[in-house]
Amino acid sequence: MHPPHGHNILARTGLFHFKRVISLLKSSFLLRLSIFIVLFLYSGCDYSRQYSQHDFNFLRTGAVAVLPFNNLSPYPYAGEIVTELLYTELYATEKLVLIPPHEVKKRLGIEVEEGIDGLTRRYTIAQIAEKLDADSLVIGSVSEFKYKKGVHDKPVVGMDVKLVVAPAGDTVWATSYTREDFSFLFHIGSLNETAQKACRYVARSLTRSLDKRR
(Lines give C-alpha, C1' and ligand atoms only; values in the text may rest on other atoms or scores of the structure.)
Protein backbone atom coordinates (compact mmCIF):
# COMPACT_ATOMS: atom_id res chain seq x y z
CA MET A 1 0.00 0.00 0.00
CA HIS A 2 1.49 3.35 -1.08
CA PRO A 3 1.52 6.33 1.34
CA PRO A 4 -0.80 9.20 0.47
CA HIS A 5 0.53 11.78 -1.96
CA GLY A 6 0.28 14.53 0.70
CA HIS A 7 2.49 12.51 3.02
CA ASN A 8 5.26 12.41 0.36
CA ILE A 9 5.09 16.18 -0.04
CA LEU A 10 5.39 16.70 3.72
CA ALA A 11 8.33 14.30 3.90
CA ARG A 12 10.15 16.06 1.06
CA THR A 13 9.42 19.47 2.62
CA GLY A 14 10.73 18.32 5.99
CA LEU A 15 13.89 16.92 4.40
CA PHE A 16 14.42 20.19 2.51
CA HIS A 17 14.14 22.24 5.70
CA PHE A 18 16.45 19.85 7.55
CA LYS A 19 19.11 20.17 4.84
CA ARG A 20 18.71 23.95 4.87
CA VAL A 21 19.21 24.09 8.64
CA ILE A 22 22.34 21.94 8.33
CA SER A 23 23.62 24.21 5.55
CA LEU A 24 23.02 27.33 7.65
CA LEU A 25 24.78 25.77 10.63
CA LYS A 26 27.77 24.93 8.45
CA SER A 27 27.82 28.46 7.03
CA SER A 28 27.62 29.95 10.53
CA PHE A 29 30.46 27.73 11.74
CA LEU A 30 32.64 28.61 8.75
CA LEU A 31 31.92 32.31 9.23
CA ARG A 32 32.88 32.15 12.90
CA LEU A 33 35.99 30.15 12.06
CA SER A 34 36.99 32.70 9.41
CA ILE A 35 36.50 35.60 11.83
CA PHE A 36 38.55 33.79 14.48
CA ILE A 37 41.39 33.13 12.02
CA VAL A 38 41.43 36.76 10.84
CA LEU A 39 41.49 38.08 14.42
CA PHE A 40 44.15 35.54 15.38
CA LEU A 41 46.37 36.54 12.48
CA TYR A 42 45.89 40.25 13.08
CA SER A 43 46.54 40.08 16.81
CA GLY A 44 49.94 38.39 16.60
CA CYS A 45 51.94 38.58 19.81
CA ASP A 46 54.03 41.34 21.29
CA TYR A 47 56.42 42.10 24.12
CA SER A 48 56.92 45.53 25.64
CA ARG A 49 58.47 47.44 28.52
CA GLN A 50 57.77 51.09 29.16
CA TYR A 51 59.07 53.95 31.29
CA SER A 52 57.51 57.36 31.88
CA GLN A 53 58.82 60.16 34.09
CA HIS A 54 55.95 60.85 36.47
CA ASP A 55 56.84 64.40 37.48
CA PHE A 56 57.42 65.71 33.95
CA ASN A 57 54.97 68.26 32.53
CA PHE A 58 54.31 66.96 29.03
CA LEU A 59 53.00 70.35 27.97
CA ARG A 60 56.70 71.13 27.57
CA THR A 61 57.11 68.67 24.69
CA GLY A 62 56.47 71.54 22.23
CA ALA A 63 57.67 70.88 18.68
CA VAL A 64 58.80 67.26 18.28
CA ALA A 65 61.26 65.85 15.74
CA VAL A 66 61.59 62.14 14.96
CA LEU A 67 65.30 61.57 14.36
CA PRO A 68 66.57 58.82 12.04
CA PHE A 69 66.63 55.47 13.83
CA ASN A 70 69.77 53.39 14.16
CA ASN A 71 69.53 50.15 12.22
CA LEU A 72 70.90 47.34 14.39
CA SER A 73 69.28 44.66 12.23
CA PRO A 74 70.83 43.07 9.12
CA TYR A 75 67.89 44.26 6.99
CA PRO A 76 68.93 47.18 4.72
CA TYR A 77 67.16 50.50 5.39
CA ALA A 78 65.15 49.12 8.33
CA GLY A 79 66.00 52.25 10.33
CA GLU A 80 64.73 54.54 7.60
CA ILE A 81 61.55 52.48 7.12
CA VAL A 82 60.67 52.52 10.83
CA THR A 83 61.49 56.23 11.15
CA GLU A 84 59.04 57.11 8.37
CA LEU A 85 56.33 54.77 9.67
CA LEU A 86 56.58 56.08 13.23
CA TYR A 87 56.37 59.69 12.04
CA THR A 88 53.24 58.80 10.04
CA GLU A 89 51.59 57.07 13.01
CA LEU A 90 52.44 59.95 15.37
CA TYR A 91 51.05 62.42 12.85
CA ALA A 92 47.83 60.38 12.62
CA THR A 93 47.21 60.78 16.36
CA GLU A 94 46.95 64.58 15.93
CA LYS A 95 48.42 64.97 19.43
CA LEU A 96 51.84 66.44 18.66
CA VAL A 97 53.40 69.32 16.76
CA LEU A 98 55.77 67.42 14.48
CA ILE A 99 58.65 68.58 12.31
CA PRO A 100 58.42 66.83 8.89
CA PRO A 101 61.15 64.25 8.10
CA HIS A 102 62.36 66.11 5.00
CA GLU A 103 62.99 69.19 7.17
CA VAL A 104 64.92 67.08 9.69
CA LYS A 105 67.14 65.69 6.92
CA LYS A 106 67.61 69.07 5.27
CA ARG A 107 68.53 71.00 8.43
CA LEU A 108 70.88 68.32 9.76
CA GLY A 109 72.44 67.36 6.43
CA ILE A 110 71.59 63.73 7.04
CA GLU A 111 73.23 61.14 4.83
CA VAL A 112 71.48 57.97 3.62
CA GLU A 113 70.83 55.50 6.48
CA GLU A 114 72.56 57.70 9.05
CA GLY A 115 71.07 57.03 12.47
CA ILE A 116 71.24 58.90 15.75
CA ASP A 117 74.71 57.48 16.52
CA GLY A 118 76.09 59.19 13.43
CA LEU A 119 74.35 62.44 14.29
CA THR A 120 75.61 62.55 17.88
CA ARG A 121 79.17 62.15 16.62
CA ARG A 122 78.69 65.49 14.85
CA TYR A 123 76.29 67.32 17.17
CA THR A 124 75.15 67.36 20.77
CA ILE A 125 71.46 66.87 21.59
CA ALA A 126 71.22 70.59 22.33
CA GLN A 127 72.71 71.46 18.92
CA ILE A 128 70.36 69.07 17.11
CA ALA A 129 67.34 70.58 18.86
CA GLU A 130 68.54 74.11 18.07
CA LYS A 131 69.08 73.35 14.38
CA LEU A 132 65.60 71.82 14.16
CA ASP A 133 63.94 74.43 16.37
CA ALA A 134 62.59 71.46 18.34
CA ASP A 135 61.73 71.20 22.02
CA SER A 136 61.72 67.38 22.14
CA LEU A 137 63.29 64.58 20.12
CA VAL A 138 62.13 61.03 19.42
CA ILE A 139 65.23 58.84 19.30
CA GLY A 140 65.34 55.12 18.60
CA SER A 141 66.88 52.03 17.09
CA VAL A 142 65.57 48.99 15.22
CA SER A 143 66.74 45.84 16.99
CA GLU A 144 64.89 43.29 14.83
CA PHE A 145 63.51 43.40 11.30
CA LYS A 146 63.40 39.89 9.93
CA TYR A 147 61.45 36.74 9.11
CA LYS A 148 61.75 34.14 11.85
CA LYS A 149 62.21 30.70 10.34
CA GLY A 150 59.69 27.96 11.08
CA VAL A 151 56.93 25.94 9.42
CA HIS A 152 55.74 29.33 8.19
CA ASP A 153 58.13 32.28 8.27
CA LYS A 154 56.94 34.88 10.78
CA PRO A 155 57.73 38.60 10.43
CA VAL A 156 59.30 40.11 13.56
CA VAL A 157 59.99 43.79 14.23
CA GLY A 158 61.60 45.13 17.39
CA MET A 159 62.53 48.66 18.40
CA ASP A 160 63.72 50.79 21.31
CA VAL A 161 62.28 54.31 21.38
CA LYS A 162 62.62 57.25 23.75
CA LEU A 163 61.46 60.84 24.02
CA VAL A 164 64.11 63.30 25.21
CA VAL A 165 63.70 66.99 25.99
CA ALA A 166 66.16 69.67 24.96
CA PRO A 167 68.56 71.09 25.73
CA ALA A 168 69.65 68.69 28.50
CA GLY A 169 68.58 65.54 26.65
CA ASP A 170 66.74 64.04 29.63
CA THR A 171 64.69 60.93 28.83
CA VAL A 172 61.07 61.44 29.92
CA TRP A 173 59.48 58.46 28.15
CA ALA A 174 60.86 55.21 26.74
CA THR A 175 59.70 51.85 25.48
CA SER A 176 61.17 48.61 24.20
CA TYR A 177 58.72 46.86 21.91
CA THR A 178 58.77 43.73 19.77
CA ARG A 179 55.94 42.48 17.58
CA GLU A 180 55.71 39.05 15.98
CA ASP A 181 52.96 38.29 13.46
CA PHE A 182 51.81 34.97 12.06
CA SER A 183 51.82 33.42 8.62
CA PHE A 184 49.08 30.81 8.33
CA LEU A 185 47.56 28.99 5.36
CA PHE A 186 46.40 31.69 2.94
CA HIS A 187 47.83 34.60 4.97
CA ILE A 188 51.49 35.47 4.45
CA GLY A 189 52.68 38.10 6.91
CA SER A 190 54.90 40.92 5.67
CA LEU A 191 57.62 42.88 7.45
CA ASN A 192 56.18 46.24 6.39
CA GLU A 193 52.73 45.32 7.74
CA THR A 194 54.22 44.18 11.06
CA ALA A 195 56.41 47.31 11.25
CA GLN A 196 53.36 49.51 10.71
CA LYS A 197 51.45 47.77 13.52
CA ALA A 198 54.47 48.09 15.82
CA CYS A 199 54.85 51.81 15.07
CA ARG A 200 51.13 52.36 15.61
CA TYR A 201 51.39 50.73 19.04
CA VAL A 202 54.43 52.84 20.00
CA ALA A 203 52.83 56.07 18.75
CA ARG A 204 49.62 55.44 20.70
CA SER A 205 51.55 54.46 23.84
CA LEU A 206 53.53 57.70 23.68
CA THR A 207 50.51 59.94 23.10
CA ARG A 208 48.52 58.17 25.84
CA SER A 209 51.34 58.98 28.25
CA LEU A 210 51.23 62.61 27.14
CA ASP A 211 47.48 62.78 27.73
CA LYS A 212 47.82 61.35 31.25
CA ARG A 213 50.41 63.95 32.26
CA ARG A 214 48.71 67.03 30.83
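The values are calculated or read from the model by the stated rules, or taken from the named source; none is laboratory data. All values derive from a computational prediction rather than experimental measurement. Here the Cβ positions follow ideal geometry from the backbone for every residue, glycine too, while neighbour counts run over all protein chains shown.
Just one of (1) touching a residue at least 40 places away in the same chain (Cβ under 8 Å); (2) closer than 24 Å to Q196 by Cα trips up L132, so point out which.
Tallying (1) touching a residue at least 40 places away in the same chain (Cβ under 8 Å); (2) closer than 24 Å to Q196 by Cα, L132 fails exactly one: (2).
Can you tell me which of K146, K154 is among the basic types (K, R) and either at pLDDT 95 or above or under 14 Å from V66 (Cβ atoms) (or both)?
Numbers: K154 fails: either at pLDDT 95 or above or under 14 Å from V66 (Cβ atoms) (or both).
Of K146, K154, the one residue that is among the basic types (K, R) and either at pLDDT 95 or above or under 14 Å from V66 (Cβ atoms) (or both) is K146.
Give the number of residues within the range 94-113 that are touching a residue at least 12 places away in the same chain (Cβ under 8 Å) and of a type in the set (D, E).
2
With the requirement that a residue be more than 21 Å from V157 (Cα to Cα) and in a loop (DSSP other than H, G, I, E, B), what does the range 55-78 give you? Talk me through it step by step, then tell me what you get.
If we filter the range 55-78 for residues that are more than 21 Å from V157 (Cα to Cα), which is where we start, we get 55-65.
Selection gives D55, F56, N57, G62.
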